[in-house]
1. When the Cα atoms of region 180-232 are enclosed in a convex hull and the volume is divided per residue, what value in Å³ results?
2. Per 0.36 nm of contour for each residue apart, how much would the distance between Asn166 and His136 grow if the chain were fully extended, relative to their Cα-Cα spacing?
3. Excluding same-chain residues fewer than 8 positions from Lys40, which lysines have a Cα within less than 19 Å of its Cα?
4. So what is log10(I(q)/I(0)) for the chain at q = 0.15, 0.18 1/Å, when the Debye sum runs over its Cα atoms only?
5. Tally up the carbon and sulfur contribution to the accessible surface of region 113-173 as a whole percent, 1.4 Å probe, everything protein left in place.
6. Provide the per residue accessible area, probe 1.4 Å, for the chain, rounded to a whole number of square angstrom.
7. In the chain, once you exclude exposed GluC sites (Glu not before Pro) (DSSP loop, at most 15 other Cβ within 10 angstrom), what's the longest stretch remaining?
8. As a check on your grasp of the helix formula, calculate [θ] at 222 nm for the chain: sum -39500 (n - 2.57) over DSSP H runs of n ≥ 4, divide by the residue count, round to the nearest 500.
Amino acid sequence: LIFYTAPTGTGKTLSPLGISEKYKIIFVCAVRHIGLALAKACITCEKCVAFAFGCNNIEDIRLHYYSAKDYIKNKKTGGIFKVDNSVGDKVQIMICDIKSYLLAMRYMLAFNRKEDIVLYWDEPTITLDYKEHEFHEIIKNNWASNEIPNIVLSSATLPDRKDLLNTINNYKIKFDGNFYEIKSYDFRKSISIISREGYVIVPHYLCETLEDFQNCKKYLHSNNTILKYIDI
């Protein structure tokens, strides 16, 4: 289990391209346009990709032409006319949404050992800032039913490991695996945040007590990227 935390715009979404040199990837994205951006990069690199968006059954999964193994050619043009989407042993990267993950997982397991697959989950905490959301039950079920032991949780805003001890321990018990953390920071730029009243926001204006300020300081030390929003 790997927690991969890095600022937005530093290439997290393209990491599966490198990982796919050794492993098969199931890339889970909460927003479709993120998956399609990765798909364009995959096709540019001539990676074999498949798609599982809004699937109700495993037959809804679609292969890109690079991934097609069994197909019918058009007699006139010589191009691919009809693809058998059930044959996916060439697929290197499966791109899917949260709803379709378990179907995508079973599809990939039909052609690969689970140890050779990486679940790369982009923005896994999306919607978790809502008390109630339709995704909550889906995310819970995906985590409970997941059979892939190699997991990367990738986000610019992952909670600290101490806040996810139950998740980490649950993983270790289920898969007898190891936990790693990758953190990248970018605070070379200075981007001021302005309040509604027009003032620059800095910690000593926000904190009313010394205890609040000390808690704020601890949080900043563990999330250094936020420093770029503090105008020294």
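The values are calculated or read from the model by the stated rules, or taken from the named source; none is laboratory data. Everything numeric here is computed off the predicted structure, so don't read it as measured data. In this analysis, Cβ positions are derived from the backbone assuming ideal geometry, glycine residues included, and neighbour counts consider all displayed protein chains. All accessible areas refer to the heavy atoms of the entire protein, side chains included, with ligands and DNA or RNA removed. Shrake-Rupley method; radii C 1.70, N 1.55, O 1.52, S 1.80 Å.
1. Per residue, the Cα convex hull of region 180-232 comes to 88 Å³.
2. Contour length minus the Cα-Cα distance gives 9.1 nm.
3. Here the lysines satisfying the reach criterion relative to Lys40 are Lys12, Lys24, Lys90.
4. -1.05, -1.36
5. Its accessible area is 50 percent carbon and sulfur atoms.
6. With all protein chains present, the chain gives 62 Å² per residue.
7. Longest stretch, sites excluded: 47-131.
8. Mean residue ellipticity, 222 nm, calculated: -8500 deg cm²/dmol.
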